[in-house]
1. Sort out which residues of the stretch 615-628 are touching a residue at least 60 places away in the same chain (Cβ under 8 Å) and within 16 Å of residue 30 (Cα to Cα), and write them in order of number.
2. Looking only at residues in the stretch 111-131 that are more than 15 Å from residue 59 (Cβ to Cβ) and free of Cβ contacts under 8 Å to residues at least 60 places away in the same chain, which one is surrounded by the most Cβ atoms within 10 Å (Cβ to Cβ)?
3. Name the residue, out of 186, 217, 212, that is modelled with pLDDT under 90 and closer than 30 Å to residue 383 by Cβ.
4. If you scan the stretch 642-652, which residues turn out to be in contact with a helix residue (DSSP H, G or I) (Cβ under 8 Å, 6 or more places away or on another chain) and in a helix (DSSP H, G or I)?
5. Among what's in the stretch 567-606 and is over 15 Å from residue 632 (Cα atoms) and modelled with pLDDT under 90, pick the residue that is surrounded by the most Cβ atoms within 10 Å (Cβ to Cβ).
6. Hey, residue 175 hits all of (1) surrounded by 12 or more Cβ atoms within 10 Å (Cβ to Cβ); (2) not in a loop (DSSP other than H, G, I, E, B) but one; which does it fall short on?
7. Kindly indicate the residue of the stretch 20-40 that is buried (at least 22 other Cβ atoms within 10 Å of the Cβ) and modelled with pLDDT under 95 and also nearest to the chain's Cα centre (by Cα) among those meeting that condition.
8. State all residues of the stretch 143-167 that are surrounded by 17 or more Cβ atoms within 10 Å (Cβ to Cβ) and under 23 Å from residue 415 (Cα atoms); if no residue qualifies, say none.
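The values are calculated or read from the model by the stated rules, or taken from the named source; none is laboratory data. Keep in mind the model is a prediction, meaning the values are calculated, not measured. Cβ coordinates were reconstructed from backbone atoms using ideal geometry, including for glycine residues, and neighbour counts include every protein chain displayed.
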């Protein structure tokens, strides 16, 4: 099967101007690019010149070649001053012996360079072998241990990828054969997901209520000790009378209005004094102490219960809390009973009470907590040790896996050692060859210094100028300045004000001799040549000569392949890029080139809506469907214009293409004059009416008439309009222009031709 054979530059990715990540693939030895002005040809030339986005063949860089670019920059840089042109060294043929020696040394150098390339290829092969050996080792390790890795999956964190696992195996320093059953037991304990630490139970804080004065008042009566008549009266009534009086006075004295709330009799004037005297200071102090005891008891007992109950919120599943909860419930019940009894004592101070035993319960609960905490601590110690157990488990598992893979590790390390030794040998061989190539280069350079001159380029350029009919100027060596040319008129003066065509032509001849020669006398480097629109402003004679020279370059470049042209010796052009918008030049240089599929590629450059693209022109071979073939995107200039118009949606570029079609078909093929077209299309009554829409009651719609007028103004302009750069139309709708463009063909009786050309595009 045919394939594109790559040369020095294998592909380019364009990111400049109107290109965004546009690839150019399929590059081979000879590469033709066709595109309109402004489509992006110069961007491709600049990318190659600047080594921007360029991918080189293995082992090659831009430094290995002379990258020569002919474009407007080349002309501007070298032809600013016609009297100061750098000389081009052409390696002459006068010294037969020197030439023979150079040829011998060059052949040796080529052999050494081929050998070095072989060494570089071998180095890459060996390096790739290292990568392949590693991949194979990783695959083997992973597949052989798949089952055991699944069993001990939680030990494989960070080692679940082939690469990481293989690195861990290679890094294991103590491969050991462990008992698998023991490993499983260790793994199951260390990685029990249900095991965790628990908070130990808290004991109740020590109480303070037992040391309060009010504690001793619970089991004795609190009564008045006053000796007043009223006090004696109450004592006579009984021990509880004082409680009754105190309670009644507290609740009703304020609202009774000086009367007894029970009998409604007016109280004696000294009654309040008698009451106050009855409940003496000691009585009042006892009452206060009892109240404080009640407050503290309630607060502390409730806190005790809260703390002891909180212990049950997160309990280790293996702990039985039945006895603890029963004791706690009994304690809480006794606390509540005691709180009620204390409340009764506060209400009736003369009453004596006894508290239920809670101290014993607290001691029993404390003992229970001690036993529970022993269990929790034992659990927590196990959990704390799990971290080290896990690490131990991970360590011994990897030791065991490394033991199982010991043979594979040994085999891989031996292979790596062998390949590294071979790589070192190849590297040393390559260094030796590089040194020998350098020595040969020096010898060739020394011989070339005596065999190269700039006179041959002068003679060759002047001969081409004479043969081409350019008699008004020539090139000569500048007096008193070594290796510098000047362009002179017939009278011997330095040329000035050459026409653009003359300047471009001699610039191309100068470039051609730089391709053939060198800018120094030491060595002729292999070339990569880029030619960007070389025939601008040239007449037909110059275009013919330039085309012939480019075809010569093509043959020199193709001599690097199996194809050899004995009439064009040399293979110093290693790759050639030809970019043009000139259909005639493109046709001249691409003649009979399509068939060289392997070493020639064709590209079409297009720009739509300020976005440029590059298309590789290849297709399926109709006669051999399994094969591909080149095709030339420019079949002929006229057909190409119709094909281009199809994809244009921007107004200005479309206008330019339509203008070129109208000029070619109606002026060149049909023989119309530009003024005739306008007269027939826009002034002839039956046609004029087609372009003016009459709307009843409104002004005539002149839109189509104006669009047609602007289209025909193009071809009436003797200066033309180049690539839409000099004309701006208010209408931004390219499709409207295309519609009026068809109407012009209809008005001139050429609708059948229009349909034929558009039909051709549809089929393609």
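1. 616, 618 - these are the residues of the stretch 615-628 that are touching a residue at least 60 places away in the same chain (Cβ under 8 Å) and within 16 Å of residue 30 (Cα to Cα).
2. 111
3. After applying the criteria, what remains is 186.
4. Correct list: 642, 643, 644, 645, 646, 651.
5. Going through the qualifying residues, I end up with 572.
6. (2)
7. 40
8. 145, 162, 165, 166
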